[in-house]
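J.: Sharing a structure, written as C-alpha cells. Questions coming.
What follows is calculated from the coordinates using simple rules that are stated; it is not laboratory data. Predicted model, so just to flag it, every value in this text is computed and none were measured. So basically every Cβ, Gly included, is an ideal-geometry build from the backbone, and we count neighbours across all protein chains shown.
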Amino acid sequence: MNNATVAQRFGSIARPYVAVFDPALMAIVGSLGVIGLITLYSAGNAFPWRVTDQIRNFGFAFAALFIAANVRPQWLMRLALPVYVIGVGLLIATEFSGETVKGATRWLDIKVTRIQPSEIMKLGLPMMLAWYFHKREGALRGFDFLAAAVLVAVPVALILKQPDLGTAVLVLAAGVFVIFFAGLPWKWLAVMLVGGIAMLPVAWTFLHDYQRERVMTLIDPSTDPLGKGFHTLQAMIAIGSGGMFGKGWMQGTQAHLEFIPERTSDFIFAVYSEEFGLVGNVVLVLLFFALVWRSFAIAISAPTLFARLLAASIGLIMFTYAFVNMGMVSGILPVVGVPLPFISYGGTALVTLGMACGLLMAISAHRKLVQS
C-alpha cells in the first residue's frame with residue numbers, strides 16, 4: 001500500500017470527525033487564544049514556564065473541544081441528568097472530605113488526581129435545565145419554573161458554602177439564562193429582581209469577612225490603598241496608563257515592575273490594557289461579542305428546544321465570564337476571582353471553556369437532524 005493510498009484512507013476516516021468543527025467559532029476562539037498567549041508571555045516574564053504550561057492547557061482544552069464536538073445532541077440529552085446528579089454528589093463529597101486550601105474547600109482528591117466539582121456544574125446545570133424544559137415543552141406551568149429554581153439553588157448553595165463566590169455567580173448566571181430563554185414571564189423576572197434587591201441586607205449577613213471587605217473596597221478602594229484596595233487601584237492605573245494605543249507589547253511598566261498582583265490570571269486584562277490601550281480593548285470586546293453572536297446563531301438554527309437553550313446559555317455564560325472579569329479589573333465590580341476566557345492562565349477553566357465550545361459545535365454540526 002503506497003503513501004497516497006494510506007493518506008486517502010486516513011483522510012476518509014478523519015473527515016467526519018473534523019467536519020464538525022465550526023469555522024467561524026474556531027477562528028474566534030483561535031484569535032482569543034493567540035491574544036492570550038501573547039499577553040501571558042509579557043505578563044509572565046518572571047514565570048516563563050507558565051507560557052509552556054498554558055500551551056499544554058490549550059492542548060487539553062482542544063482535546064475536550066474535539067470530544068464534545070463529536071457527541072450528538074441526542075447523547076447530550078441522555079448525559080444531562082447523570083452529569084447533574086454526579087456533579088451535585090461530588091459537591092456534597094467536597095463539603096465533607098474536600099481539601100481546604102487558604103480557607104476554601106473546593107478540591108476533591110479522587111486518588112488519581114484532584115478535581116474541582118464546581119467546574120462540572122458550569123455546564124452540567126445548563127444541560128440539566130435544558131433537558132428538563134425540553135421534556136416539559138408544550139406543557140410548561142409555573143411549577144416547572146419553581147422546580148428549575150430549586151435545581152439551580154442546590155449547586156449554587158453548595159458552591160457558596162465552600163466558599164467560592166466567583167464560581168457561584170457563574171453557575172447561577174448559567175441557570176438563570178436557561179430559565180429565561182425557556183420562557184420565564186417578564187413579571188416573574190421583575191418580581192425576582194425586586195426580591196433580590198430586597199434580600200441584599202439579609203445576604204450581607206451571610207457573607208464572609210473577606211467578601212464584605214471586597215464590596216467595601218469596590219465602593220472606595222482608596223481607603224486602604226496598600227492593603228485591600230491595592231489590586232483594584234493598580235489595575236485601574238494600568239488600564240488608564242495604556243491610553244489610546246497602549247505602551248506596546250512587553251512595555252507595560254505596571255506589570256513588569258510587579259505592581260499588578262495575579263497578573264497572569266485574574267488581572268491579566270490590566271496587563272493587556274496597558275500594553276494595547278483602548279484600541280486593543282475594542283478588538284478584544286468585539287471578539288467576545290462575536291463569540292456570543294455565533295452562539296446565538298447556532299441556537300437559532302438548532303432543531304430542538306434542548307439544543308437551543310443549551311447553545312444560547314453557553315453564549316451568555318461566555319459573556320458573563322468576560323463581563324465579570326473586565327468589570328472587577330476596572331473597578332466596577334467586586335473582585336470575585338473569575339478568569340478572562342481564553343486569556344487568563346489556568347487549566348481547569350480553559351478545559352471547561354473548550355468543552356463548552358465543543359458543545360456548540362456539536363449542536364451546529366447536527367442542526368439538520370430532527371429529534372425523533
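J.: Taking the Cβ-Cβ separation of I300 and F230 as r and a Förster radius of 35 Å, what is the calculated FRET efficiency to the nearest 0.05?
T.: 0.20
J.: Same structure again: Is the shape of region 250-311 rounded, prolate or oblate, going by the alpha carbon gyration tensor and its root eigenvalues a ≥ b ≥ c, with a/c under 1.5 for rounded and a/b larger than b/c for prolate?
T.: prolate
J.: Taking the Cα atoms of region 241-372, report the difference between the largest and smallest coordinate on each principal axis, in whole Å and largest first.
T.: 60, 27, 24
J.: Determine how many Å³ per residue the convex hull of the Cα atoms of region 24-365 encloses.
T.: Hull volume over Cα atoms, normalised by residue count, gives 142 Å³.
J.: So if each residue of separation counts as 0.36 nm, and I subtract the Cα-Cα distance between A139 and M192, what length gain in nm does that give?
T.: 16.8 nm
J.: With label points built 7 Å along Cα→Cβ from the Cα atoms of Q74 and I110, find their separation and express it in nm.
T.: Computed distance between label sites Q74 and I110 equals 2.8 nm.
J.: Residue by residue through region 303-313, which ³J(HN,Hα) values in whole Hz follow from phi under the Karplus form 6.51 cos²θ - 1.76 cosθ + 1.60 (θ = phi - 60°), with glycine and proline marked x?
T.: x, 10, 4, 4, 5, 5, 5, 5, 5, 5, 5
J.: Note the count of lysine pairs whose C-alpha atoms are less than 29 angstrom apart in region 24-365, limited to pairs 8 or more residues apart or on different chains.
T.: Within region 24-365, the lysine pair count is 13.
J.: Now for a separate question. Taking region 59-124, which GluC sites (Glu not before Pro) meet the DSSP loop condition and have no more than 15 other C-beta atoms within 10 Å?
T.: Taking region 59-124 and a limit of 15 other Cβ atoms within 10 Å, no loop GluC sites (Glu not before Pro) are found.
J.: Using a Förster distance of 51 angstrom, determine the FRET efficiency expected from the C-beta separation of M199 and F245, and round it to 0.05.
T.: That gives a FRET efficiency of 0.70.
J.: Any idea how far the Cα center of region 247-265 sits from the one of region 70-107, in Å?
T.: The distance from the Cα centre of region 247-265 to that of region 70-107 comes to 36 Å.
J.: On a C-alpha basis, how far is the centre of region 300-372 from the centre of region 136-173 in Å? Whole number, if you could?
T.: Cα centroid of region 300-372 versus Cα centroid of region 136-173: 17 Å apart.
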